[in-house]
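Please read the structure below before turning to the comments.
The values are calculated or read from the model by the stated rules, or taken from the named source; none is laboratory data. Keep in mind it's a predicted model, so treat the numbers as computed, not measured. Note that we place each Cβ from the backbone using ideal geometry, even for glycine, and neighbour counts take in every protein chain shown.
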Amino acid sequence: MLSSAVRLPATLGRRRSFMAQPFKHPQSGVFYIRRKVPPELQAVLGREYKKTLKTREPGEAKLRFAMAWAEAERVFQQARAGVQRAQSLGYRDAQLLAQQWAQSVSAEMDPHGPLR
């Protein structure tokens, strides 16, 4: 009678993976890395970071997955730095950057010197 009083969670019978692992494409069999992009970076990178691991071998995919995970972290860090840099750029800074860019482009285009 004890078994009728004990209720198991509905998810107990389902296979759920909580560890990061390569994703195998169901049709091609090629492994990928798939990661959700942090909310603050989704405007820059989109909702999902997905790259092929270029292998169908599970053992090789696990090795490449670790390297791809580190690469994704670098991409996220670079995006964070870019977002922070863009947010901290004031109007005057942007104006000076645009002026410097215009002068360098005009110097490349005009062999007689920059336009004034």
Of everything in the stretch 51-83, what is surrounded by fewer than 13 Cβ atoms within 10 Å (Cβ to Cβ) and not in a helix (DSSP H, G or I)? Give them in sequence order. 54, 57
In the stretch 67-105, which residues are small (Gly, Ala, Ser) and modelled with pLDDT of 75 or more? 68, 70, 72, 79, 81, 82, 94, 98, 102, 104
Can you name every residue in the stretch 21-38 that is of a type outside the set (Phe, Trp, Tyr) and more than 11 Å from the chain's Cα centre (by Cα)? 21, 22, 24, 25, 26, 27, 28, 29, 30
What are the residue pairs meeting all of these: first residue in the stretch 70-83, first residue touching a residue at least 40 places away in the same chain (Cβ under 8 Å), second residue in a helix (DSSP H, G or I), Cβ atoms under 8 Å, and 6 or more apart or on different chains? 80/40; 80/41; 83/40; 83/41; 83/44
